[in-house]
Structure formats: C-alpha cells, structure tokens
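Chemist: Got a structure here, written out as structure tokens. Questions coming.
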Amino acid sequence: MFNAILLNKNEDGTTNARLTQLDDAQLPADGDVTVRIDYSTVNYKDGLAITGKSPVVRKWPMVPGIDGAGEVIASSHPDWKEGDAFVLNGWGVGEMHMGCLAQRARLKGDWLIPRPPGMSAKTAMAIGTAGYTAMLCAMALQDNDVTKDSGDILVTGASGGVGSVAVAILSGWGYRVVASTGKSAEADYLKSLGATEVIDRAELSAPGKPLQKERWAGVVDAVGSHTLVNALAQTRYGGVVTACGLAQGLDLPGSVAPFILRGVRLIGIDSVMAPKTRRIAAWQKLAADLDAAKLAAITQEITLADALVKARDIIEGKVRGRLVVNVNV
Ligand code: NDP
C-alpha cells in the first residue's frame, strides 16, 4: 500500500479530493515504468484539479500531480531500468493518466527524462512544470534574438511559480527584468530574485489602447487576458512576447495593431506536449543556470495532506513561488 491523493466525481457532478492508500493493482495498466516518487509539486493546474474549479481531470478516479521526481522501481521500457533517476512533467499525467501526488506511479517510459546529474528530486520538483515552463519562455526569447542588450523584459504574475523562476533565470542571464505583481508586499522578494523594477499589476490588468508607449523588448506572460493584450501594446518594435498562462483569463481581448504596425511576435509556450529534445535542453539549462540560493528562497516544502489545502490557496493567488511536496512524510 502507498499514500496518494485521490480525486473522485460525485453523483451531482461536483468533485472531492482526499488523502488515502492505494495498492499497485490500482495503478494504470497502460504504463511500462513503475516509479517511486520522492517529491512532487502543486502547480496551478494541480490546484484546478484538486479543487475541481476547472475540468482539467478527464478520467475518474484520478491521482493528481502533473510533476514527479524519484527513481524507477521496475521497467519494461528499453530506456529505463531499476534505480534510474527521472523527472516527469505533463503529458496529461494527473489529468488523463494517474499522477504523482502519491508515493508511487506507473508511467510511460517515453514521457520520462533523465534527471540532470547532481540534481536532487527535491530540486527538480522545486522547479517543476512552472520552472520548466519559465525556462521554455526564456529560451524562446533567446531563440528569437532578444538579448540582454535589447531592453527591458516584463514578467507578469511575477510572484507566482512561473513568474518567480522567470525573474531568477532572466536576471541571472543579465537581462533587466521588470516584475509585475498584485502583491506590493512581495517587492523585496522579487528584487532579491533579481528584478530591477517592480510594477503594480493594476497597470496592466484593465482594458487599454491598442498601441501604447513602447517599453518591452521581451515579455514572459503567465496571466493572459487584458494583461497580455496590454503587454503586446507596450512591446517595442520587433519585440517578442511569450504567452504561457491564464491566471487572469483565457481570453485575448485585443487588436492586431502590435503585430502589423510594430512587427511584435507572440509566441505560445506549451510545456505539456513539448518534444523530448526541447525538455532535455530546458532541464539542462535549469541545472546549469538556475541559482540554487534563489530557488531555495522561492520554495516551500509541504506534505501530501498540506497539498489539499494549498491547492485552494494557489487558485486564490495566495501562494508565493513554488510548493514542493515531500510525499513521504
Ligand atoms: P501561480 O498561481 O503560482 O502564479 C500565478 C500568478 O499570477 C499569481 O501568483 C499572481 O501573481 C498572478 N495572478 C493571479 N490571479 C491573477 C489575476 N486575476 N490577474 C492578474 N494576475 C493574477 O501559477 P503558476 O505560476 O504555476 O502558473 C501561472 C500560469 O501559467 C497559470 O495560468 C498556469 O495554468 C500556466 N501554466 C502554463 C503552462 C504551459 O504549459 N503553458 C505550464 C505551467 C503553468 P502576482 O500576485 O505576482 O501578480
């Protein structure tokens, strides 16, 4: 038997989440690698799954947890053997396939990537999907020729998981980062991660003009809706906006003016189905470039039982940085 969070759908369509015990027979049959999970995380999407606020879970019952790190226990996949250290992010795990907020999981070997040498399971999960997505955004800026000399980079949702890691990565690479947050009390925290300036998210969250004063050479947006539209309207000629999140909303209530008059490029970032080569590149860069002291400052360690409570907090925007779940306490 092992501990796991289990989600069920009630007869009236509402959902419930509880900490329980499962056995190996309850793990999915469609997996070729059985793993021991050492650490998992609570991402925004896990918050949606656990609270039932949005229909991200498409199979019931479900173990949530889109991220996991630990060791392989048994494998019939050619790339994996007992004792191998892995990281798992996305691929519908915790949504359509039982996930990693548990002490064990059965996954597909094709989904796993080797944990970078020297990186602990706890560090990998302190980074998690949020941090790996922040790296995908930062890499997209680099790939599209936004350099540290191009100008200011705006990071929205800055005190959240994606935002905090994006601030740490980009400032570490020498970019001048402007952090947008709704939490004025977190200004010192964001500066300690490397932000040069902190702005109130209210400056970006209301409807604005289609073209505004040019400010940003690049943007990492975790928020969507009016915030993304205003970020586009404030992006400098030829600048690059990476869009990965929807904390304010899924809508994009704007105009094409920034694209057709300023050549602004909008790049969508998806972590869930990102190809394996891109994942490995992102994790290698995270291992090499993310400052360990900054990551520690971002991270809060919690238990499986705490995850049930923190899921609600993350949806209410009350969580700072990253939640790493020690599934064995
Ligand atoms: P968090 O909840 O940790 O951070 C989101 C942050 O957004 C909050 O901390 C808050 O920051 C800000 N925010 C919250 N509500 C609002 C609002 N109503 N209006 C404006 N800003 C708001 O989540 P994550 O960082 O883990 O994820 C961020 C987003 O990215 C989520 O939408 C998530 O679903 C998405 N995501 C997408 C991925 C992909 O593959 N594309 C992968 C990972 C995440 P502050 O108070 O500082 O303003």
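Chemist: Do we have residue 63 as assigned by TED's automatic domain parsing to the domain that holds residue 19, open to solvent by less than 10 Å² (accessible area, probe 1.4 Å) and over 21 Å from the mean Cα position of the chain (by Cα) here?
Modeler: Numbers: assigned by TED's automatic domain parsing to the domain that holds residue 19: yes; open to solvent by less than 10 Å² (accessible area, probe 1.4 Å): yes; over 21 Å from the mean Cα position of the chain (by Cα): no.
No; evaluated as a whole, the condition is false for this residue.
Chemist: Given (1) open to solvent by less than 10 Å² (accessible area, probe 1.4 Å); (2) in contact (Cβ under 8 Å) with a residue 40 or more places away in the chain; (3) within 15 Å of the ligand (Cβ to nearest atom), identify the lone condition not met by residue 69.
Modeler: Only one criterion is unmet by residue 69, namely (3).
Chemist: Looking at the range 101-115, can you tell me whether even one residue there is of a type outside the set (S, T, N, Q), surrounded by fewer than 17 Cβ atoms within 10 Å (Cβ to Cβ) and over 21 Å from residue 273 (Cβ atoms)?
Modeler: Looking for residues that are of a type outside the set (S, T, N, Q), surrounded by fewer than 17 Cβ atoms within 10 Å (Cβ to Cβ) and over 21 Å from residue 273 (Cβ atoms), one finds none in the range 101-115, hence no.
Chemist: In the list 246, 252, 323, 286, which residue meets the criterion of being outside any strand (DSSP E or B) and either more than 14 Å from the ligand (Cβ to nearest atom) or open to solvent by less than 20 Å² (accessible area, probe 1.4 Å) (or both)? Walk me through it before giving the result.
Modeler: Values: 246 fails: either more than 14 Å from the ligand (Cβ to nearest atom) or open to solvent by less than 20 Å² (accessible area, probe 1.4 Å) (or both); 252 fails: either more than 14 Å from the ligand (Cβ to nearest atom) or open to solvent by less than 20 Å² (accessible area, probe 1.4 Å) (or both); 323 fails: outside any strand (DSSP E or B).
Of 246, 252, 323, 286, the one residue that is outside any strand (DSSP E or B) and either more than 14 Å from the ligand (Cβ to nearest atom) or open to solvent by less than 20 Å² (accessible area, probe 1.4 Å) (or both) is 286.
Chemist: To continue, here is another question. Looking at the range 205-214, which of its residues are part of a loop (DSSP other than H, G, I, E, B) and open to solvent by less than 70 Å² (accessible area, probe 1.4 Å)? Full working, then the answer.
Modeler: Residues of the range 205-214 part of a loop (DSSP other than H, G, I, E, B): 206-214.
Answer for the range 205-214, where residues must be part of a loop (DSSP other than H, G, I, E, B) and open to solvent by less than 70 Å² (accessible area, probe 1.4 Å): 206, 208, 211, 212.
Chemist: Let me ask something additional. If you go through the range 297-310, how many residues are free of Cβ contacts under 8 Å to residues at least 40 places away in the same chain and either within 17 Å of the chain's Cα centre (by Cα) or open to solvent by less than 30 Å² (accessible area, probe 1.4 Å) (or both)?
Modeler: First pass over the range 297-310, keeping only residues free of Cβ contacts under 8 Å to residues at least 40 places away in the same chain: 300, 303, 306, 309.
In the following step, the residues that additionally are either within 17 Å of the chain's Cα centre (by Cα) or open to solvent by less than 30 Å² (accessible area, probe 1.4 Å) (or both) were identified as 300.
Qualifying residue count, the range 297-310: 1.
Chemist: Of the residues that make up the range 130-152, is at least one basic (Lys, Arg), open to solvent by 10 Å² or more (accessible area, probe 1.4 Å) and under 20 Å from residue 295 (Cβ atoms)? Step through it out loud before you land on a result.
Modeler: Initial filter on the range 130-152 (basic (Lys, Arg)): 148.
Pick out the ones that are also open to solvent by 10 Å² or more (accessible area, probe 1.4 Å) and you get 148.
Going one step further and asking which of them are under 20 Å from residue 295 (Cβ atoms), we end up with none.
Among the residues of the range 130-152, not one is basic (Lys, Arg), open to solvent by 10 Å² or more (accessible area, probe 1.4 Å) and under 20 Å from residue 295 (Cβ atoms), which makes the answer no.
Chemist: Sticking with this one: So how many residues does the range 215-227 have that are open to solvent by less than 60 Å² (accessible area, probe 1.4 Å) and either touching a residue at least 40 places away in the same chain (Cβ under 8 Å) or more than 21 Å from residue 262 (Cβ to Cβ) (or both)?
Modeler: 9
Chemist: If you check every pair at least six apart or on different chains, which have Cβ atoms under 9 Å apart with a residue in the range 38-58 that is within 14 Å of the ligand (Cβ to nearest atom) and of a type outside the set (Val, Ile, Thr) first and a residue that is open to solvent by 40 Å² or more (accessible area, probe 1.4 Å) and outside any helix (DSSP H, G or I) second?
Modeler: The qualifying pairs are 44/246; 44/247; 45/54; 47/53; 47/316; 48/54; 48/55; 49/15.
Chemist: Only residues that are assigned to a helix (DSSP H, G or I) and either surrounded by 12 or more Cβ atoms within 10 Å (Cβ to Cβ) or assigned by TED's automatic domain parsing to the domain that holds residue 89 (or both): list them for the range 260-277, please.
Modeler: Start the filter on the range 260-277 by keeping residues that are assigned to a helix (DSSP H, G or I), which leaves 260-262, 276-277.
Those that are assigned to a helix (DSSP H, G or I) and either surrounded by 12 or more Cβ atoms within 10 Å (Cβ to Cβ) or assigned by TED's automatic domain parsing to the domain that holds residue 89 (or both): 261, 262.
Chemist: Given 41, 20, which one is among the hydroxyl-bearing types (Ser, Thr, Tyr) and over 23 Å from the mean Cα position of the chain (by Cα)? Even if it seems obvious, please write down each step before you answer.
Modeler: Details: 41 fails: over 23 Å from the mean Cα position of the chain (by Cα).
Of the residues listed, the single one that is among the hydroxyl-bearing types (Ser, Thr, Tyr) and over 23 Å from the mean Cα position of the chain (by Cα) is 20.
Chemist: Out of 222, 195, 247, 217, which single residue is out of contact with any Gly (no Cβ under 7 Å at 6 or more places or on another chain) and either modelled with pLDDT under 95 or not charged (D, E, K, R) (or both)? Spell out how you get there, then give the answer.
Modeler: On the way: 222 fails: out of contact with any Gly (no Cβ under 7 Å at 6 or more places or on another chain); 247 fails: out of contact with any Gly (no Cβ under 7 Å at 6 or more places or on another chain); 217 fails: out of contact with any Gly (no Cβ under 7 Å at 6 or more places or on another chain).
Among 222, 195, 247, 217, only 195 is out of contact with any Gly (no Cβ under 7 Å at 6 or more places or on another chain) and either modelled with pLDDT under 95 or not charged (D, E, K, R) (or both).
Chemist: So, one more: Tell me which residues, restricted to the range 217-227, are under 19 Å from residue 170 (Cα atoms) and within 16 Å of the ligand (Cβ to nearest atom). Explain how you work it out, then say what you get.
Modeler: Pass one, the range 217-227, residues under 19 Å from residue 170 (Cα atoms): 217-223.
If the condition is that a residue be under 19 Å from residue 170 (Cα atoms) and within 16 Å of the ligand (Cβ to nearest atom), then 219, 220, 221, 222, 223 are the ones that fit.
The values are calculated or read from the model by the stated rules, or taken from the named source; none is laboratory data. Here the structure is a predicted model, which is why all the values come from computation and not from measurement. Methodologically, a virtual Cβ is constructed for each residue, glycine included, from the backbone with ideal geometry; neighbour enumeration extends over all protein chains shown. All accessible areas refer to the heavy atoms of the entire protein, side chains included, with ligands and DNA or RNA removed. Shrake-Rupley method; radii C 1.70, N 1.55, O 1.52, S 1.80 Å.
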